[in-house]
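These notes concern the structure reproduced below.
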């Protein structure tokens, strides 16, 4: 856990240390970041769920989906940055995304704990979360820059394209599902 915190305190050194391919280490960081996010979500939702089993199952689903989604988005990131002129492998995209997840995951955990404090908890948590998100985005952009050997602008555009492509694909899938469900009764006649 102490080494993971170095992503927040010394991001450039940590990014440089990941240039040597080490899949086991990056998967460990990814599992930890996803687990921290899941625990934070569990803390936030626990008081509203009253501890029912469906809430616990949804947390397990969140953990699995978060892990798989990161693996897929890393592939999209690799495609977009390499198309823009970068030179990197899947490992580079996964590393950039994972290192960018650490600070927001820890920030989300602190936010969920601070939210338990009446009156000022949400305000303090929002400040912590803002700092964590800024650290996460800047770490991710720096990691993309270093891992794919591109300039910062290309790293930013590559990240935006990867995220926009995923969001557009989800939007189109949901729209087509809605459209097909809307006309399904008419087509059945």
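It is to be established whether one or more residues within the stretch 72-83 are more than 19 Å from the chain's Cα centre (by Cα), more than 21 Å from residue 111 (Cβ to Cβ) and at pLDDT 95 or above. Looking for residues that are more than 19 Å from the chain's Cα centre (by Cα), more than 21 Å from residue 111 (Cβ to Cβ) and at pLDDT 95 or above, one finds at least one in the stretch 72-83, hence yes. Do we have any residue at all in the stretch 162-171 that's surrounded by fewer than 16 Cβ atoms within 10 Å (Cβ to Cβ), outside any helix (DSSP H, G or I) and out of contact with any strand residue (DSSP E or B) (no Cβ under 7 Å at 6 or more places or on another chain)? No, because not a single residue in the stretch 162-171 is surrounded by fewer than 16 Cβ atoms within 10 Å (Cβ to Cβ), outside any helix (DSSP H, G or I) and out of contact with any strand residue (DSSP E or B) (no Cβ under 7 Å at 6 or more places or on another chain).
Residues in the stretch 28-41 that are in contact (Cβ under 8 Å) with a residue 40 or more places away in the chain and farther than 11 Å from residue 101 by Cα were compared, and the one that is surrounded by the fewest Cβ atoms within 10 Å (Cβ to Cβ) is 39. Restricting to the stretch 137-158, and then to whatever is over 15 Å from residue 9 (Cα atoms) and within 16 Å of the chain's Cα centre (by Cα), can you tell me which residue is surrounded by the most Cβ atoms within 10 Å (Cβ to Cβ)? Restricting to residues being over 15 Å from residue 9 (Cα atoms) and within 16 Å of the chain's Cα centre (by Cα), the top hit is 144. Scanning the stretch 125-136 for residues that are at pLDDT below 95, in a helix (DSSP H, G or I) and surrounded by 14 or more Cβ atoms within 10 Å (Cβ to Cβ) turns up at least one hit. Flag: residue 24 matches the condition of being at pLDDT 90 or above, more than 30 Å from residue 151 (Cβ to Cβ), part of a helix (DSSP H, G or I) and out of contact with any strand residue (DSSP E or B) (no Cβ under 7 Å at 6 or more places or on another chain).
In the stretch 111-123, the qualifying residues are those that are in contact (Cβ under 8 Å) with a residue 60 or more places away in the chain and either part of a helix (DSSP H, G or I) or in contact with a strand residue (DSSP E or B) (Cβ under 8 Å, 6 or more places away or on another chain) (or both), and the one that is surrounded by the most Cβ atoms within 10 Å (Cβ to Cβ) is 111. For the stretch 6-16, taking the residues that are free of Cβ contacts under 8 Å to residues at least 24 places away in the same chain and touching a helix residue (DSSP H, G or I) at 6+ places or on another chain (Cβ under 9 Å), the one that is farthest from residue 133 (Cα to Cα) is identified as 13.
The values are calculated or read from the model by the stated rules, or taken from the named source; none is laboratory data. Note that the coordinates shown come from a computational prediction; the quantities given were computed from them, not determined experimentally. All Cβ positions, glycine included, derive from the backbone under ideal geometry; neighbour counts span all protein chains shown.
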